[in-house]
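J.: Okay, handing you the structure first.
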Amino acid sequence: MSRIGRHPVEVPAGVEVKIAENNVVTVKGPKGTLEKALPTEMSITMEDGHVVVTRPNDLKKMKSLHGLTRTLIQNMVTGVSQGYEKTLEVNGVGYRAQKQGKKLVLSLGYSHPVEMEDPEGLESAVDGNKIVVKGIDKEKVGQYAAEIRDKRRPEPYKGKGIKYADEVIRRKVGKTGKK
């Protein structure tokens, strides 16, 4: 058995899970609605307030899909009930982030400001040198945060750039002068 796949997904109060044909799962909660088509090989059932995922056989592909399917459902349930957020930090002299309506404007040492439009269903907020990306879809929140970070990745000598709040940058020693 898949260690993750065998655990049932608990559905909290206020969250509604619907399983349609071809394993299209719709999760509705206080923060919004998510819909995802999951692998059709898995059988997904509702049993007294829990979602149970079972696999047809023990082939390697089925084992890997088992845990994946269960985790995707868990992420959808968590997203509509609590939501997800990622925090990024902007470090560097003259580097700053601003919010203009639905646009995130980054000054990152380039000759022009970098403008990014908030994707559908996500919102970003700027607090000093921190950028917070919030949403109900874990995949989209992580993707948008990664795209913001890619505009200027942290460099290892001074640590300038955009990094995740919990990321540790491995620093390198700069060059030394002659004696």
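J.: Grab the other residues whose beta carbon is less than 12 angstrom from that of residue 102, score K and R as +1, D and E as -1, and report the net. Let's see the in-between values first.
T.: Details: positive: 99, 103; negative: 115, 117, 118, 120, 123.
Taking every Cβ under 12 Å from that of residue 102, the sum is -3.
J.: How large are Rg and Dmax for the range 1-68 when only the alpha carbon atoms are used, in Å?
T.: Looking at the range 1-68, its Cα Rg and Dmax stand at 12.4, 38 Å.
J.: Here's another thing I want to ask about it. Counting only the heavy atoms of the protein chains, how much of residue 31 is accessible to a 1.4 Å probe, in Å² to the nearest 10?
T.: Answer for residue 31: close to 120 Å² accessible.
J.: Now for a separate question. What Rg and what Dmax come out for the range 73-127 when only alpha-carbon atoms are used, in angstroms?
T.: Rg, Dmax (Cα atoms, Å): 14.3, 44.
J.: What angle, in degrees between 0 and 90 and rounded to the nearest 10, separates the Cα long axis of helix 138-150 from the longest principal axis of the Cα atoms of the chain?
T.: 20
J.: Cα extents of the chain along the three principal axes, largest first, in whole Å?
T.: Over the chain, Cα extents along the principal axes are 70, 44, 24 Å.
J.: Strictly greater than 20 Å: what percent of every Cα pair in the range 107-168 meets that?
T.: That fraction is 27 percent.
J.: For the range 72-122, run through the chymotrypsin sites (Phe, Trp or Tyr not before Pro) and keep only the ones in DSSP coil with at most 15 other Cβ atoms within 10 Å of their Cβ.
T.: 110
J.: In addition: Compute, for residue 46, the solvent-accessible surface of its heavy atoms (probe 1.4 Å) with the complete set of protein chains present, and express it in square angstrom to the nearest 10.
T.: Surface accessible to solvent at residue 46 totals approximately 90 Å².
J.: For every helix of n ≥ 4 consecutive DSSP H residues, a contribution of -39,500 (n - 2.57) applies; sum these over the chain, divide by its total residues, and give [θ] at 222 nm rounded to the nearest 500 deg cm²/dmol.
T.: Details: 2 runs with 35 residues, N = 179.
Using -39500 (n - 2.57) per qualifying helix, the result is -6500 deg cm²/dmol.
J.: Identify, among 71, 100, 119, the residue whose Cα sits farthest towards the positive end of the charge dipole of the chain, taking +1 on the Cβ of Lys and Arg and -1 on the Cβ of Asp and Glu, with the dipole about the Cα centre.
T.: It is 100.
J.: Using only the alpha-carbon atoms of the range 73-179, report the extent along each of the three principal axes, biggest first, to the nearest angstrom.
T.: Cα spread of the range 73-179 along its principal axes, largest to smallest: 63, 30, 19 Å.
J.: Taking GluC sites (Glu not before Pro) as candidate sites, keep only those in a DSSP loop with at most 13 other Cβ atoms within 10 Å, then name the longest stretch of the chain containing none of them.
T.: The segment 1-119 is the longest one with no such site.
J.: Still on this structure: Can you tell me which of 102, 60, 158 moves the most in a GNM of the chain? Springs connect C-alpha atoms under 10 Å apart.
T.: 60
J.: Along each principal axis of its Cα atoms, how long is the range 42-87 end to end? Whole angstroms, biggest number first, please.
T.: Largest to smallest, the principal-axis extents are 39, 29, 8 Å.
J.: If you plug each phi of the range 12-22 into the Karplus form 6.51 cos²θ - 1.76 cosθ + 1.60 with θ = phi - 60°, what whole-Hz ³J(HN,Hα) values come out, in order, with x for Gly and Pro?
T.: After applying 6.51 cos²θ - 1.76 cosθ + 1.60, I find x, 5, x, 10, 10, 10, 10, 10, 9, 5, 6 Hz.
J.: Right, another one. To the nearest 10 Å², what's residue 50's accessible area with a 1.4 Å probe?
T.: Accessible surface of residue 50 is approximately 60 Å².
J.: What dipole magnitude, in Debye to the nearest 20, does the range 20-179 give about its Cα centre under +1 on Lys/Arg Cβ and -1 on Asp/Glu Cβ? Spell out each step's value before the answer.
T.: Values: 30 positive and 21 negative charges, 304 e Å.
Dipole of the range 20-179, to the nearest 20 debye: 1460 debye.
J.: Right, next: Once neighbouring chains are kept in place and the probe is 1.4 Å, which whole percent of the accessible area of the chain is contributed by carbon and sulfur?
T.: So the carbon and sulfur contribution to the accessible surface is 49 percent.
J.: Where the centre of each part is set by its Cα atoms, how far does the range 136-179 sit from the range 1-62, in angstrom?
T.: So the two Cα centres are separated by 36 Å.
J.: From the backbone phi of the range 31-44, what are the Karplus-calculated ³J(HN,Hα) couplings (6.51 cos²θ - 1.76 cosθ + 1.60, θ = phi - 60°) in whole Hz, Gly and Pro given as x?
T.: Each residue's phi maps through the Karplus curve to give 8, x, 10, 10, 9, 8, 8, 9, x, 6, 5, 7, 9, 10 Hz.
The values are calculated or read from the model by the stated rules, or taken from the named source; none is laboratory data. All of these numbers come straight from a predicted model, not from anything done at the bench. When we count neighbours, we look across all protein chains shown, and the Cβ atoms used for this are built from the backbone with ideal geometry, even at glycine. To get the accessible areas, we keep the full protein, side chains included, count just its heavy atoms, and leave off ligands, DNA and RNA. Shrake-Rupley method; radii C 1.70, N 1.55, O 1.52, S 1.80 Å.
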